[in-house]
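Below is one structure, written out as structure tokens, with a few remarks after it.
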Amino acid sequence: MPFFILFVLFLISLSGHSHASLTVADKVQSTRIAVVYDRPNKFDHSFNQAVYENGVVPLLAQGIQVKEFEPANPAQTEQGILKLARRGYQPIIGIGYATAPAIRKAALRFPNTAFMIVDSIIELPNVQSITFDEDHGAYLAGALAALMSKSGKIGFIGGMDIPLISKFSCGYLLGAQSINPKITYLENFVGPTLNAWNDPTKGRELAIYQYENGADVIFSAAGGTGLGVFQTAKDHNKFAIGVDSNQNSLQPGAVLTSMVKRVGRVVFEHVQAFIAGEWQAGPYRYGLAGGWIDLARDQHNQVIYSDRLHGEISNLKAKIINNQLPDIVRLRQCSVEQ
């Protein structure tokens, strides 16, 4: 009889372990998340594509159900997010500041649904707000641009003239001035609508204007519009700096570096936390520490972004992380809450 009891207990123990493992597997299989892009093209070689390649694809590989939505306009964004919430998807992830109004409205209407917003802040008890220190990465980009510039003139092309992009331009100019206080700075914005992030023709026009007016390095913080800037840099034998994704390979030799934001990695890890039951609402901010923001260096640019230049930028990066940068107070003033 004692042996029989021990045997039964052993079977129960095995059953418990099997049930626990199935519970984890079932949770992965039953997780249905939604990713809502802020414009109709996720393959923009920039912000949206970073989310897709480094966030969505790895989640799909785990067996997680991911519903992607590429709205054509703000009305579609709002309608789509509300529909996703009604159908039980969570977390629902808004990619980009333009999705923030719709995420806020849906979060108020569905208080028991988890939401995430990237590049904006929504103070609600069921929303995670994910932002980045773009100004810190842009500071490094500006310093590198000034180190490379022979004309003493650099350029900046932003998508829309909004606070988020002002963080880029502010940090970029401060970084350049830290190397050359007298540097000349040219700045243009693509336009007032969401098409500003996907207009390579306009990007080319603005880049031609800046290069012909003496700039020899241009930082493009304009999503897919940067494709036109990179082609123009190559045509004019000048340099451009990419943004969000690693865009070095798009025009090797002309793209000096890319200021990458690991937005896809952030989305992936926050979804993992949700599956593990560790999801908590509130603000989350990511910067240079941990490599969440960085200047990309690979086989496509390691000759022009030389070891010497990389060493100088690495020193600046360490100073920012350790709050030892002489410009740190001014740099902090670049940050504005979205």
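The values are calculated or read from the model by the stated rules, or taken from the named source; none is laboratory data. A quick note: this is a predicted structure, and the numbers were derived from the prediction, not measured. A quick note on method: Cβ atoms are made from the backbone with ideal geometry, for glycine too, and the neighbour counts reach across all protein chains shown.
Some notes on this structure:
- Where helices (runs of 4 or more DSSP H) sit wholly within segment 30-97, those with at least 2 residues that are of a type in the set (A, V, I, L, M) and within 16 Å of Val266 (Cβ to Cβ) occupy 47-51, 57-61.
- Among the residues making up segment 159-202, those that are out of contact with any helix residue (DSSP H, G or I) (no Cβ under 8 Å at 6 or more places or on another chain) and either among the aliphatic types (A, V, I, L, M) or part of a loop (DSSP other than H, G, I, E, B) (or both) are Asp161, Ile165, Pro181, Lys182, Pro192, Thr193.
- Filter result (touching a residue at least 12 places away in the same chain (Cβ under 8 Å) and more than 18 Å from Gly159 (Cα to Cα)) within segment 213-236: Asn213, Gly214, Ala215, Asp216, Lys234, His236
- Qualifying residue in segment 311-318 (condition: under 23 Å from Ala240 (Cβ atoms) and either outside any helix (DSSP H, G or I) or not assigned by TED's automatic domain parsing to the domain that holds Ala145 (or both)): no
- Residue pairs meeting the criteria (Cβ under 6 Å; at least 6 apart or on separate chains; first of a type in the set (Asp, Glu), in segment 123-150; second part of a loop (DSSP other than H, G, I, E, B)): Asp133/Gly287; Asp135/Cys334; Asp135/Ser335
- Residues of segment 214-248 that turn out to be out of contact with any strand residue (DSSP E or B) (no Cβ under 8 Å at 6 or more places or on another chain) and either modelled with pLDDT of 95 or more or among the charged types (D, E, K, R) (or both), as a count: 7
- Qualifying positions in segment 216-244 - more than 19 Å from the chain's Cα centre (by Cα) and part of a helix (DSSP H, G or I): Gly228, Val229, Phe230, Gln231, Thr232, Ala233, Lys234, Asp235
- Checked across segment 326-335, the condition of being assigned by TED's automatic domain parsing to the domain that holds Phe219, modelled with pLDDT of 95 or more and within 23 Å of the chain's Cα centre (by Cα) holds for no residue.
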